[in-house]
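First comes the structure, then the notes that go with it.
Bear in mind these aren't lab numbers, they're just calculated from the coordinates by the rules spelled out. This is a predicted model, so every value here is computed, not measured. With ideal geometry, Cβ positions are generated from the backbone for all residues, glycine too; neighbour counts draw on all protein chains shown.
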Amino acid sequence: MVVSLYWRIFLLNTGVLALAVALLLGPVTVSTPVLFGEALVLLGGLVAMLVVNAVLLRVGLAPLARLNRAMATADLLKPGARPAVTGDGEVAALTQTFNAMLDRLEAERATSSGRVLTALEAERRRIAQELHDEIGQTLTAVLLQLKHAADRAPEPLRTDLHQAQETTRASLDEIRRIARRLRPGVLEELGLHSALRSLAAEFTTPRLGVTAHITPGLPHLDPATELVLYRVAQESLTNAARHSGATRVEVHLRSLPGGGTGLLVRDDGHGLGEAPEGAGIRGMRERALLIGAELLVGAGPHGGTQVRLDITDTTKATR
Ligand SMILES: Nc1ncnc2c1ncn2[C@@H]1O[C@H](COP(=O)(O)OP(=O)(O)OP(=O)(O)O)[C@@H](O)[C@H]1O
Ligand SMILES: [Mg+2]
């Protein structure tokens, strides 16, 4: 029989109070003024009643406290955690409803972040295209005009024009670099493996060595999954370069023991510490959710920071 929380608490209190009344009507007597012995019995009774009441309430309300904790710590970016449905009556029903609500919210979150990320990638593509086609072409034309002018200019002016040519060439390079970051064209042209290698080369500086280790013979992945892998590697490398103080970063693309493909970016820096997650890590989580992959950001086995993205065989793209 399912007894509601209300009736359980009511019946428990009724029992305790009935017992107190029965004792007062029966063996326990109270004189006026109260005798010392009687006062002791009354006080003892009161304490016993309060203790029994407190224990019973604690037991009765424990599932609610558990549910409360689960509600307070629920995080849609770390899906799958659900409070266990225990006990019976309203609390179990409440837990079930809460779990169903989380299922619904997680599904909606995955769909809407999928839409947002698709739109974001499309917008990046458009900006990259315009940077390349509009500003890139204009600067190329300026470069040619400067060259013509420099060829015909007298000496002191010629040096200045050569200087202007150099500056223009540098900003043309910069624009191409920005466009490449916005739209990983290399991903479409050469595939994920070359794109990751070129990413590693791009982040390599005299003070930071970035190496890419790619297991040969990995299964082919669909474009959406490849883009997620690429963006997660890009953000992890950006973080390692910006925050870690590392001298070495390794990017691994390998097959997972249980099947599937895993990306691992590991640096030898000072570690995450207590730093709260920012838009970068949250963005990686959103992308991982999008393809049903698991993302783990934490300390590496020998210090530093590691970002792991596990794409198992059961992983399905949701768009
Ligand atoms: N590889 C790392 N080594 C050390 N600390 C890190 C590393 N990656 C991230 N962090 C810490 O975690 C914080 C959150 O990173 P996150 O990428 O979410 O945000 P951000 O890099 O600060 O900003 P954004 O990525 O939005 O430009 C960082 O500010 C940094 O303190
Ligand atoms: Mg970041």
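Given R₀ = 41 Å, FRET efficiency for Val21-Arg69 by Cβ-Cβ distance, to 0.05? In this case the efficiency is close to 0.60.
In this structure, Arg207 and Thr238 have a Cβ-Cβ separation that, at R0 = 22 Å, corresponds to a calculated FRET efficiency of about 0.90. Calculated [222 nm] ellipticity per residue, helices only, for the chain: -21000 deg cm²/dmol; basis is -39500 (n - 2.57) per DSSP H run with n ≥ 4, divided by all residues, nearest 500.
Placing +1 on the Cβ of every Lys and Arg and -1 on the Cβ of every Asp and Glu, with nothing else charged, gives the chain a dipole about its Cα centre of roughly 100 debye. Across the stretch 63-130, Cα-Cα pairs more than 18 Å apart make up 51 percent of the total.
Please arrange Asp222, Asp268 by how many other C-beta atoms lie within 10 Å of their C-beta, fewest to most.
Working: Asp222 10, Asp268 19.
With the fewest neighbours first, Asp222, Asp268 line up as Asp222, Asp268.
Grab the alpha carbons of the stretch 186-319, take their convex hull, and tell me the volume per residue in Å³. Before the final figure, lay out each step's value.
Values: hull volume 14.0 nm³, N = 134.
Roughly 104 Å³ of hull volume per residue.
A viscosity of 1.002 mPa s and a temperature of 20 °C, combined with the Kirkwood radius over C-alpha pairs in the Stokes-Einstein formula, give the chain a diffusion coefficient of 83 µm²/s.
Near the amide H of Ala212, within less than 5 Å, lie the amide hydrogens of Val251, all on another chain or at least 5 residues away, with H placed in the peptide plane. Simple point charges give the picture: +1 on the Cβ of Lys and Arg, -1 on the Cβ of Asp and Glu, and for the stretch 186-319 a dipole about the Cα centre of about 120 debye. 3J(HN,Hα) along the stretch 287-294: 5, 4, 4, 4, 10, x, 8, 9 Hz, from the Karplus curve 6.51 cos²θ - 1.76 cosθ + 1.60 with θ = phi - 60°, whole Hz, x for Gly and Pro. Across Asn99, Asn68, Asn239, mean-square fluctuation computed from a Gaussian network of the chain (C-alpha pairs under 10 Å connected) peaks at Asn68. Note on Asn13 and Arg104: with the Förster distance fixed at 51 Å, the Cβ-Cβ geometry gives a FRET efficiency of about 0.85. Between the listed residues Val265, Ala288, Ser244, the Cα displaced farthest toward the positive end of the dipole of the stretch 186-319, a dipole computed from Cβ unit charges relative to the Cα centre, is found at Ser244. For the residues Thr95, Thr215, Thr167, a GNM of the chain with alpha-carbon springs under 10 Å puts the largest fluctuation on Thr167. Maximal additional length on extending the Lys78-Arg125 stretch stands at 14.0 nm, based on 0.36 nm per residue less the C-alpha distance. The phi-based Karplus calculation (6.51 cos²θ - 1.76 cosθ + 1.60; θ = phi - 60°) puts the 3J(HN,Hα) values of the stretch 199-213 at 5, 4, 5, 5, 8, 6, 10, x, 9, 9, x, 10, 10, 10, 10 Hz, whole numbers, x for Gly and Pro. Reducing the stretch 87-107 and the stretch 234-303 to their Cα centroids gives an inter-centroid distance of 33 Å.
The share of C-alpha pairs in the stretch 117-224 whose separation exceeds 20 Å stands at 58 percent. Stretched out straight at 0.36 nm per residue, the stretch from Val51 to Arg181 would grow longer than its current Cα-Cα span by 40.2 nm.
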